[in-house]
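One structure below.
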Amino acid sequence: MTNPYAAIERGHPGRIGWRIFYFDRLGSTQQAAGELAARGAAQGTVVIAEAQEAGRGRLGRTWYSPAGKNLYATVILRPNALALSQVASLSLAAGIAVAETLERFAPGEVALKWPNDIWLSRRKAGGLIAEAIVAPDQRLQYVLLGVGLNLNLAENDIPEDLRWRATSVLAATGQRCDRVGVADELFARLETRYREHAKSGFAGLKPTYDRYCALKGKKVSVVAGGQPRSGFVLGVDETGALLLEVGASVDRILAGDVSVESAYEEGV
């Protein structure tokens with residue numbers, strides 16, 4: 001089977017996209033990348049599948065993954081001296097790279113819904129999952145960074161029950177993507193943002209994230225630690241935590257499931 005992504009393999013072990021494993025069909029790229037990482041695959045190794053039978057999103061959700069339309073990839077990262085608590089903000093840094101990649105197709109229409117969704121024209125066009133693998137002593141061993149982007153799905157390709165909240169680059173803009181070209185640009189931008197995060201944490205990336213933040217000023221409901229709460233989003237802090245104004249107090253949310261009131265009716 002010819003690997004169309006072989007042409008964009010770059011650099012040396014450690015650089016994102018230096019080696020790309022390509023499959024016609026997988027259960028999930030996360031699972032395949034996890035198996036490679038457990039056998040010692042170097043940082044920057046990528047797994048890409050044309051289709052996934054059990055694509056994974058956050059909180060164990062299934063990611064709709066039809067064949068030949070989109071980009072489904074998982075990157076193996078082996079960050080040095082990254083605290084387990086920083087994995088969440090690493091995912092936000094990756095979100096910036098994705099947003100920057102899609103920006104050339106739809107300027108001004110790309111947004112990031114904390115913590116892991118990519119929005120395009122006010123609908124979900126992709127998502128990320130940063131899966132931390134730890135040793136028995138709770139030391140971080142590696143991160144599996146999964147990216148799913150809806151690129152060439154036509155409107156009619158999207159399941160009817162998802163059309164009100166899901167989209168693709170093609171459906172939103174009318175532009176068909178060169179998926180290999182998108183992957184090439186994405187891996188380059190991921191490399192840049194990953195290195196910046198490793199050097200200075202999320203603080204240096206926060207101004208860029210703020211420009212794409214879909215939630216600032218929105219009234220949302222958040223389920224964090226099993227506890228629901230509702231309030232207005234003030235933004236994110238320098239660690240990537242969500243700042244939620246609840247009455248007279250401001251709650252700092254490290255992880256949670258966020259729903260936005262009237263998100264798709266009123267816009268981002």
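Nothing in this text is a laboratory measurement; each read-out follows from the coordinates by a stated rule. Keep in mind it's a predicted model, so treat the numbers as computed, not measured. Cβ: placed from backbone, ideal geometry, glycine included. Neighbour counts: every protein chain shown.
What nm value, rounded to one decimal, do you get for the distance between D210 and N3 when each label is placed 7 Å out toward the C-beta?
The two pseudo-label positions are separated by 4.2 nm.
Toward the positive end of the charge dipole of the chain, about the Cα centre and with charges on Cβ (Lys, Arg +1; Asp, Glu -1), which of V222, S28, S91 goes farthest?
S91
Could you tally up the Lys pairs in the chain with alpha carbons closer than 20 Å? Skip any pair fewer than 8 positions apart unless they're on separate chains.
Going through the chain pair by pair, I get 11.
Quote the relative contact order of the chain in percent (integer), defining contacts as alpha-carbon pairs under 8 Å separated by 6+ residues. Mind showing how you got there, number by number?
On the way: 566 pairs, mean separation 41.8, N = 268.
Normalised by residue count, the contact order of the chain is 16 percent.
Using just the C-alpha positions of region 177-260 as equal point scatterers, what log10 of I(q)/I(0) does the Debye formula give at each q in 0.11, 0.13, 0.19 1/Å?
-0.40, -0.54, -0.88
If each residue's Cβ is checked for other Cβ atoms within 10 Å, how do W119, W164, W18 rank with the fewest at the top? Could you put the intermediate results ahead of the total?
Values: W119 25, W164 11, W18 18.
Least to most surrounded, the residues fall as W164, W18, W119.
Considering only W164, A41, Y5, whose Cα is most displaced toward the positive end of the charge dipole of the chain, charges sitting on Cβ of Lys, Arg (+1) and Asp, Glu (-1)?
A41
Quick one: 3J(HN,Hα) in Hz for region 232-238, Karplus 6.51/-1.76/1.60 with θ = phi - 60°, rounded, Gly and Pro as x.
Whole-Hz 3J(HN,Hα) from phi for region 232-238: 9, 7, 8, x, 10, 8, 6.
What do you get for Rg/Rh of region 219-266 when both radii come from the Cα atoms and Rh is the Kirkwood radius?
Values: Rg = 10.5 Å, Rh = 11.0 Å.
Here Rg/Rh amounts to 0.96.
Can you give the charge dipole size of the chain about its Cα centre, rounded to the nearest 20 debye, using +1 on the beta carbon of Lys and Arg and -1 on the beta carbon of Asp and Glu? Walk me through the intermediate numbers first.
Details: 31 positive and 29 negative charges, 80 e Å.
In debye, rounded to 20, the chain gives about 380.
Counting other beta carbons within 10 Å of each residue's own, what order do K216, K69 fall into, fewest first?
Values: K216 14, K69 19.
Fewest to most other Cβ atoms nearby, the residues stand as K216, K69.
Modelling each spin label as a point 7 Å along the Cα-to-Cβ direction, I'd like the R10/R39 distance in nm, to one decimal.
About 2.6 nm separates the two model spin labels.
Just round it to a whole percent: the fraction of Cα-Cα distances in the chain exceeding 22 Å. Before the final figure, lay out the partial values.
On the way: 19447 of 35778 pairs.
Summing the P(r) of the chain above 22 Å gives 54 percent of all pairs.
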